[in-house]
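The structure appears right after this line, and notes come after that.
Values in this text are rule-based calculations from the coordinates and carry no lab data. Please read all numbers here as calculations on a predicted model, not as lab measurements. Neighbour counts run over all protein chains shown; Cβ positions are idealised from the backbone, glycine included.
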Amino acid sequence: MSRVTFAHQSPVNAVTTASRRWVGSLGIWGVGAGAAALLVLSVTPLVKREVLVKVPVLGSYYEDKTPASDKPF
């Protein structure tokens, strides 16, 4: 019959093993949550002006091209 033996694991090694297991999943969820937040907040002027206009490829799409005479404020 087999005998089960438990090996002692140092706390540093335990934390390293646990963090390696979760880093990939948390990274994917973080990128998804950030993309969802930008999608939802892309209509607000502050996010559009401070974040989306400064993206190198997409900046010209979010640039406000409305003449000053047509803006109410």
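Might you report the magnitude of the Cβ-based charge dipole of region 11-66 about its Cα centre, with Lys and Arg at +1 and Asp and Glu at -1, to the nearest 20 debye?
On the way: 6 positive and 3 negative charges, 32 e Å.
For region 11-66, the charge dipole is close to 160 debye.
Kindly give the semi-axes, whole Å and largest first, of the ellipsoid equivalent to region 11-66, taking each as the square root of 5 times a Cα gyration tensor eigenvalue. Mind showing how you got there, number by number?
On the way: eigenvalues 273, 21, 14 Å².
Here the semi-axes work out to 37, 10, 8 Å.
So what's the back-of-envelope 222 nm ellipticity for the chain, counting only DSSP H runs of four-plus at -39500 (n - 2.57) apiece and dividing by all residues, rounded to 500? Working shown, then result.
Values: 3 runs with 41 residues, N = 73.
That comes out to -18000 deg cm²/dmol.
Of the trypsin sites (Lys or Arg not before Pro) in the chain, which ones lie in a loop per DSSP and count no more than 12 other C-beta atoms within 10 Å? The partial results should precede the final answer.
Values: sites: 3, 20, 21, 48, 49, 54, 65; in loops: 3, 65.
For trypsin sites (Lys or Arg not before Pro) across the chain that sit outside H, G, I, E and B with at most 12 neighbouring Cβ atoms in 10 Å, the list reads 3, 65.
Please list, in order, the residues from region 54-68 whose amide nitrogen is less than 14 Å from a point placed 7 Å along the Cα→Cβ vector of residue 47.
none
Output the 0 to 90 degree angle, nearest 10, between the alpha-carbon long axis of helix 11-41 and the longest principal axis computed from the alpha carbons of the chain.
Here the helix axis deviates by roughly 20 degrees.
Whole-Hz ³J(HN,Hα) for each residue in region 48-56, computed from phi via Karplus 6.51 cos²θ - 1.76 cosθ + 1.60 with θ = phi - 60°, x for glycine and proline: what do you get?
5, 6, 8, 10, 6, 5, 8, 6, x
Considering only C-alpha atoms, what is the centroid distance from region 1-46 to region 52-72, in Å?
37 Å
List the residues whose amide H sits under 5 Å from the amide H of residue 51, counting only those 5 or more places along or on another chain, with H placed 1.01 Å from N in the peptide plane.
Result for residue 51 returns nothing.
Under a cut-off of 19 Å between alpha-carbon atoms, report the aspartates and glutamates in cross-link reach of residue 54, not counting same-chain residues fewer than 8 places apart.
Here the aspartates and glutamates satisfying the reach criterion relative to residue 54 are 63, 64.
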